[in-house]
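Read through the structure below, which is laid out as structure tokens, and then see the notes.
The values are calculated or read from the model by the stated rules, or taken from the named source; none is laboratory data. Everything numeric in this text was worked out from a predicted model, so none of it was measured. All Cβ positions, even for glycine, are placed from backbone atoms using ideal geometry, and neighbour counts span all protein chains on display. Calculation scope for accessible area: heavy atoms of the full protein, side chains included, ligands and nucleic acids excluded. Shrake-Rupley method; radii C 1.70, N 1.55, O 1.52, S 1.80 Å.
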Amino acid sequence: MADNTQPIDESAVVLTDDAGRFLPCQVEQSFQLNGREYLLLLPIDAPIEIFVWQQGDDDDDVLMDVEDEDIDQIFLTAKAVLAEQNLMLQRTAITLTAAGELPEAEEDNCLTLELDDLDEAGNPVTEEFQILATCFYEDEEYTLCTPLDPLLIFANRNSSGTLEVVTPEEFQLIRGRLEEKLFDLLE
């Protein structure tokens, strides 16, 4: 069976996690690869990251990811702060999201975070975020951001037709073939 790559217009799917939370996504591309259907998905609402300011080893304040189990504690505060900007914070599968129109990203409300990973050249990988708001909870300062680059999610349809997010291990196994498909589309 030949591998097919098809752009899909105006198609949406819903991912579900083990906790029963949903994440509506736009299907950007559909791939047939090794007899399985793979989908490149983009969340319909804006992905939201919550960071906390903590004191680092050199006494400088650094932004740290808020762990999933800690999000429940500050969720209502973060939701209220984003509501002031007409954004509705949602506890969705895979990532938090915000429904509503994001403000324009400007240089003074953006930040670049250095991740723990290195690229092929050995340089630190960075990610850029737009700061939407800050809030305080139990004397700690939190920053609510959305990534400037789109959050793309790879999923596949299992034999029962249910969508499953591709695990990092599986992604590494099929990465080369998926990249080939994407490059073919760009040409």
**OP:** Per DSSP H run of n ≥ 4, the term is -39500 (n - 2.57); total these for the chain, divide by its residue number, and report the mean residue ellipticity at 222 nm rounded to 500 deg cm²/dmol.
**Re:** -6500 deg cm²/dmol
**OP:** Find the relative contact order for segment 103-171 and round it to a whole percent, using C-alpha pairs within less than 8 Å whose residues are 6+ positions apart.
**Re:** 19
Subject >> Distant-in-sequence amide H partners of Ile44 (H built 1.01 Å from N, under 5 Å) >> reply: Cys25, Gln26
Original post:
For segment 28-126, what number results from the quotient of the Cα radius of gyration and 2.2 N^0.38 Å?
Top reply: 1.38
Original post:
What list of ³J(HN,Hα) couplings, whole Hz, do you get for segment 154-170 from phi and the Karplus terms 6.51, -1.76, 1.60, once you set θ to phi - 60° and write x for glycine and proline?
Top reply: 9, 9, 9, 9, 7, 4, 8, x, 7, 7, 10, 5, 5, 5, x, 5, 5
Original post:
Residues with amide H under 5 Å of Ala133's amide H, sequence separation 5 or more or different chain, H placed in the peptide plane at 1.01 Å from N; which?
Top reply: Leu144
**OP:** Please express the Cα-Cα pair-distance distribution P(r) of segment 38-82 as a list of whole percents, one per 10 Å bin, running from 0 to the bin with the greatest distance.
**Re:** 21, 38, 28, 12, 2
Original post:
With charges set only on the Cβ (+1 for Lys and Arg, -1 for Asp and Glu), what does the dipole of segment 61-120 come to about its Cα centre, in debye to the nearest 20?
Top reply: 640
**OP:** Report in % the part of the accessible area of the chain that belongs to carbon and sulfur, leaving out ligands and nucleic acids; probe 1.4 Å.
**Re:** 46
Subject >> 3J(HN,Hα) from dihedral phi, segment 45-51, Karplus parametrisation 6.51/-1.76/1.60, rounded to Hz, x for glycine, proline >> reply: 8, 5, x, 10, 10, 10, 10
**OP:** Quick one: what are the phi-derived ³J(HN,Hα) couplings along segment 71-86, Karplus 6.51/-1.76/1.60 with θ = phi - 60°, whole Hz, x for glycine and proline?
**Re:** 4, 4, 5, 9, 4, 5, 5, 4, 4, 5, 5, 5, 4, 5, 9, 6
